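Okay, structure first, notes after.
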Protein chains: 2
Amino acid sequence: MKYTKHIFVCTNQRALGTRICCGEQHGLALVAEFKKQIKDLGLNTEIRAQRAGCMETCELGPSVVVYPEGVFYGKVQLADVKEIVHEHIANDRIVERLVMDLQKLKELQSK
Amino acid sequence: MKYTKHIFVCTNQRALGTRICCGEQHGLALVAEFKKQIKDLGLNTEIRAQRAGCMETCELGPSVVVYPEGVFYGKVQLADVKEIVHEHIANDRIVERLVMDLQKLKELQSK
């Protein structure tokens, strides 16, 4: 596998006043913060954090997914990035408090 | 896992005359073709194909990665999408002829 962890951060943007959207909040700032934290740990050749388009998890965004595990994190704030990187990315300990509630997402999306 | 397969297609674009870049070729058309092929098979709730930023595999792009397997496909043409979807996405048979040569990528990137 090219990357031991591949982190996609939604940076999608929509026209104001339409459906809520991750990137309007702080998507690009999240990408920059992930890159910084990963580089600070010297992990930037084996791990990549990057921009992505809409992952259809808008209602619980800002959204981040970590592969190959496929763990979605929701409502991710800049202050959460260090914990995700130090716990999950560097030590394979999923940050349970930030894991997206996919059942709740379904309910929100069916409204 | 939210998606049984999550396909990211590089749609990055750079200023003309700088480093070669997937999105300048046909990144967005690839995304549309993946979406169409997946929908045609009725797989569009469990599988997602979407835009992504640069995956640092530019030299062998247009680039597509399929997670959770982490298989990178390189030099992907519109005519290749149907095969990837029917073989890999629907039937878990990796399309070997399109798998990116990561050793070659390293060599090209070290030049």
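The values are calculated or read from the model by the stated rules, or taken from the named source; none is laboratory data. Model, not experiment: these values are computed from the prediction. As a convention, Cβ positions derive from the backbone with ideal geometry for all residues, glycine included, and neighbour counts pool all protein chains shown. In case anyone asks, the SASA skips ligands and DNA or RNA and just uses the protein heavy atoms, side chains included. Shrake-Rupley method; radii C 1.70, N 1.55, O 1.52, S 1.80 Å.
Structure notes:
- Sorted shortest first, the distances from the A:E56 label point to those of the same residue in the other copies are 2.9 nm; each point sits 7 Å from Cα along Cα-to-Cβ.
- Exposure of A:R19 as accessible area (Å², to 10), given a probe of 1.4 Å and all protein chains: 90 Å²
- Buried accessible area, chains B and A (both chains, 1.4 Å probe, Å² to nearest 100): 1800 Å²
- Distant-in-sequence amide H partners of A:R14 (H built 1.01 Å from N, under 5 Å): A:E24
- Rolling a 1.4 angstrom probe over the protein assembly as shown with all protein chains present gives an accessible area of which 51% lies on carbon and sulfur atoms.
- Backbone HN-Hα couplings from phi across region B:94-106 [Karplus 6.51/-1.76/1.60, Hz, Gly and Pro as x]: 5, 8, 4, 5, 9, 5, 5, 7, 5, 5, 4, 4, 4
- DSSP finds beta bridges in the protein assembly as shown, and of those with both partners inside it, around 60 percent are antiparallel.
- Pairs of lysine residues in chain A that meet both criteria, 8 or more places apart or on different chains and Cα atoms under 14 Å apart, total 6.
- Charging the Cβ of each Asp and Glu at -1 and of each Lys and Arg at +1, and nothing else, the dipole of chain B about its Cα centre rounds to 300 debye.
- Convex hull projection area averaged over all views, the protein assembly as shown, Cα basis, nm²: 12.8 nm²
- With its label point defined 7 Å out from Cα along the Cα-to-Cβ axis, B:D101 lies at 5.1 nm from the matching points of the other copies, in increasing order.
- Each other copy holds its own label point for A:G42; taking that point as 7 Å from Cα along Cα to Cβ, the gaps run 5.4 nm, nearest first.
- Among A:A79, A:A49, A:A90, residue whose mean-square fluctuation peaks in a GNM of chain A (springs only between Cα atoms under 10 Å): A:A79
- In the context of the full set of protein chains, residues of the protein assembly as shown present 49 Å² of accessible surface per residue (probe radius 1.4 Å, heavy atoms only).
- Length-normalised contact order of region B:5-109 in % [C-alpha pairs under 8 Å, at least 6 apart]: 29 percent
- Residues in region A:57-65 carry Karplus couplings, in order, of 10, 3, 4, 10, x, x, 10, 9, 10 Hz; the curve used is 6.51 cos²θ - 1.76 cosθ + 1.60 with θ = phi - 60°, and Gly or Pro positions show x.
- By DSSP, the beta bridges lying fully in chain B are antiparallel in about 55 percent of cases.
- Less than 5 angstrom separates the built amide H of A:A49 from those of A:I7, all sequence-distant by 5 or more or on a different chain.
- Accessible surface, 1.4 Å probe, highest first, among residues B:H86, A:H88: B:H86, A:H88
- Area accessible to solvent at B:K2, 1.4 Å probe radius, in Å²: 50 Å²
- Using a probe of 1.4 Å on the protein chains alone, the accessible area found for A:M1 is around 120 Å².
- Cα point-scatterer Debye curve for region B:34-111, base-10 log of I(q)/I(0) at q = 0.18, 0.23, 0.27 Å⁻¹: -0.73, -1.13, -1.44
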